[in-house]
Amino acid sequence: MREQEGQSGFSIIEVSLIVLIIAALAATGFIVYQRHKLSNAKNSTTESQTQATTQQQGSTTKQTQQAATKYLTVKEWGIRLPLSSAINDAYYVVSVSNKGDDGKPNKVFLGLPSLDSTGCIAAGSNTGQNTAIAAIFKVLPTDTDVVSGKAFDQLYPGVTIGNYFYAYQSLNTSSTCKASQTSIQSAQSAFATAEKGIVAATSSTQYLTIKELGIRFKLSAAIEDAYYAVKPNTIVNSKPVIALYMHSLDTYRLCAPAGDPDGVAGIATFTPGQTDPVHGDFATSFPNAPLINRLHYFIENEQFDCSQGGSRNMDAISQAFKAAYPTIEAYSPN
């Protein structure tokens, strides 16, 4: 049948073309959608992995920082206080005039090796010189100050651990202490902050590390406050000789580095088979001297009493150093 003149409409071919175009657009849209969805999934996965990595790194950093905390352990009380960078070499000396009914000291004086050379020596406070910069004292929580009648925990900063309150006290140093007020106040502020972090000490082995020799040895209770200095112009077997000292003996002039470069004891080396007129065969005199990198290391006590009878602990200190040399071991601090 012929179409009527003027009749309008789409032919079959035109309709087919329109359908194909719509299908093509739909297919293209679907492909773009799928790619966009995959891209989002990848970004989400990457973000999750990044967050996990960041959290892990943060956790590792935190653990490293925690592991790096140094402590000063007061062995007589079984406590320890954290040391910031300002006081990381702090030491203490037991007060000889403050003891409780249990025979243990009620007070310890605090010092810093960096201030010892200025006359601010903790041990000086045991001889009436008032050269310690700070102190910690131990009282019962119920104890009160005889002057004010107030409890000590109301008068001094501190913490209660077990049956005792451990209080911090900044001390007024005498004219013998030549350190600047800025240095003293900075140290006292750091000690006051550390006091708030005092905790019960865990049993752990204490070491003295000699970085110049790459070794360390165990410190028993009798020599726990030991420190060292390199003896000037003294080399044996291509290694410096080390002089050992005790902070608790620094108040005696001949026991301190300024008075005796040889120290209370010394660390030196010998080679296998080495002899000399004084020791004869070193291996016989020091049979347990550890062999580290083809050298034996030993500790030898000085033959005279540097305290000149002033310290009753000299025999115990000498025996402790003698017992310590077999514990020498190679060590490289991080």
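Rule-based calculations on the coordinates, nothing more; no lab input. Worth saying up front: this structure is predicted, and the values here are computed from it rather than measured. Positions of Cβ are generated from backbone atoms using ideal geometry, with glycine treated the same way; all protein chains shown enter the neighbour counts.
Taking the inverse of the mean reciprocal distance over all distinct Cα pairs, the Kirkwood hydrodynamic radius of the range 155-211 comes to 14.1 Å.
Highest first, please rank the peptides 86-99, 264-277 by the mean number of other Cβ atoms sitting within 10 Å of their residues. Write out the running numbers ahead of the final one.
Numbers: 86-99: 18.4, 264-277: 16.9.
Peptide ranking by packing, descending: 86-99, 264-277.
The equivalent ellipsoid of the range 206-330 has semi-axes of 23, 15, 14 Å, largest first, where each one is the square root of 5 times an eigenvalue of the Cα gyration tensor.
Placing a pseudo-label 7 Å from each Cα along the Cα-to-Cβ vector at Ile18 and Val199 gives an inter-label distance of 8.0 nm. The H on the amide N of Asn237, modeled in the peptide plane, is under 5 Å from the matching H of no residue at least 5 residues off or on a different chain.
Couplings 3J(HN,Hα) for the range 210-221, derived from phi with the Karplus relation 6.51 cos²θ - 1.76 cosθ + 1.60 (θ = phi - 60°), are 9, 5, 5, 9, x, 9, 8, 9, 6, 10, 7, 4 Hz, where x marks Gly and Pro. Computed extension length for Ser189-Glu329: 46.7 nm, one decimal, from 0.36 nm per residue of separation with the Cα-Cα distance subtracted.
In whole percents, the pair-distance distribution calculated for the range 70-200 from its alpha-carbon pairs, binned every 10 Å from zero, is 13, 45, 35, 7. Per-residue 3J(HN,Hα) values for the range 270-283, derived from phi via the Karplus relation 6.51 cos²θ - 1.76 cosθ + 1.60 with θ = phi - 60°, read 8, 8, x, x, 6, 9, 8, x, 7, 8, x, 7, 4, 4 Hz in sequence order (x marks Gly and Pro). Annotation for Thr284 and Ser148: the two label points, set 7 Å from Cα along the Cα-Cβ direction, are 6.7 nm apart.
For Leu171, the amide hydrogen comes within under 5 Å of the amide hydrogens of Ala134, Ala135, counting only partners 5 or more places away or on other chains and with H modelled in the peptide plane.
Which pairs in the list Lys99/Lys196; Lys104/Lys322; Lys138/Lys218; Lys104/Lys178; Lys70/Lys211 are over 20 Å apart, alpha-carbon to alpha-carbon? Don't skip to the end; give the middle numbers.
On the way: Lys99/Lys196 23 Å; Lys104/Lys322 26 Å; Lys138/Lys218 28 Å; Lys104/Lys178 32 Å; Lys70/Lys211 17 Å.
Exceeds cut-off: Lys99/Lys196; Lys104/Lys322; Lys138/Lys218; Lys104/Lys178.
Across the range 235-243, coupling constants 3J(HN,Hα) worked out from phi with the 6.51/-1.76/1.60 Karplus curve, θ = phi - 60°, read 10, 10, 6, 6, 10, x, 8, 9, 9 Hz, and Gly and Pro carry x.
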